[in-house]
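Let me begin by presenting the structure, written as structure tokens, before commenting on it.
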Amino acid sequence: MYLYFIIGRPDEGKSYFIKQYLKTNKNSPCLVFDVENEYKFLTSDKSQRRSRDIDLDMKKFIEICEKKTYTICVFEESTGYFRGNVGDKLVKLIQRRKHTKNTFLFVFHSIHSIPPAIIDFASYVVLFKTNDNLVQVKQKFPFLIPYYLKLQNKPLHSKLIISVN
């Protein structure tokens, strides 16, 4: 039902945030596209309520998510998979979330790597420090500038949770 963008440079705590989110929502089924094998506490048996996909096929993962309802779907390492190119299936998946009651979490390493085609659907942005520069943020998503600037003087693992709509 919600769409989260978790954005931050490596080792800022993005995966930790997601693991805590999954623990908080432990009764919800979840699927994780587990690129770096970080979610070993979940089974790789996709028929289970809480599982991870370690086959690393994004198209197949999206197809699995299309068939789910009331499920948390985590797209780890989205930076490497979407790079501005978002297919129609993913946009449709995101658009249908209110009907399917699915929640999606997309993990990006930088603000400038988020495809503009999907940011408009965001419910929340969880922003950690990034390696973006101010010009990149201004060009891509100016609404994030005050939050980006606020994080610059914060310690490692600091985050801001921004309600977008």
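The values are calculated or read from the model by the stated rules, or taken from the named source; none is laboratory data. For clarity, every value in this text was computed on a predicted model and none was experimentally measured. Note: ideal-geometry Cβ built from the backbone for every residue, glycine included; neighbour counts use all protein chains shown.
How many residues does the stretch 4-30 contain that are touching a Leu at 6+ places or on another chain (Cβ under 9 Å) and either basic (Lys, Arg) or surrounded by 22 or more Cβ atoms within 10 Å (Cβ to Cβ) (or both)?
Number satisfying all stated conditions: 7.
Among the listed residues Glu63, Glu38, which satisfies the condition of being buried (at least 16 other Cβ atoms within 10 Å of the Cβ), touching a Lys or Arg at 6+ places or on another chain (Cβ under 9 Å) and either polar (S, T, N, Q) or modelled with pLDDT of 90 or more (or both)?
Details: Glu63 fails: buried (at least 16 other Cβ atoms within 10 Å of the Cβ).
Checking each option against the conditions leaves just Glu38.
Kindly list, by first and then second residue, each pair from a residue in the stretch 30-49 that is assigned to a strand (DSSP E or B) to a residue that is of a type in the set (Gly, Ala, Ser), limited to pairs with Cβ atoms under 8 Å and residues at least 6 apart or on different chains.
Cys30/Ser51; Leu31/Ser51; Val32/Ser51; Thr43/Ser51
Anything in the stretch 80-108 that is modelled with pLDDT of 90 or more and closer than 18 Å to Lys140 by Cβ? List them, or say none.
Going through the stretch 80-108, the residues modelled with pLDDT of 90 or more turn out to be 92-108.
Answer for the stretch 80-108, where residues must be modelled with pLDDT of 90 or more and closer than 18 Å to Lys140 by Cβ: Phe106, Val107, Phe108.
So Ser51 fits all but one of (1) exposed (fewer than 14 other Cβ atoms within 10 Å of the Cβ); (2) more than 23 Å from Ile119 (Cβ to Cβ); (3) out of contact with any helix residue (DSSP H, G or I) (no Cβ under 8 Å at 6 or more places or on another chain); what number is the exception?
It fails just one condition, (1).
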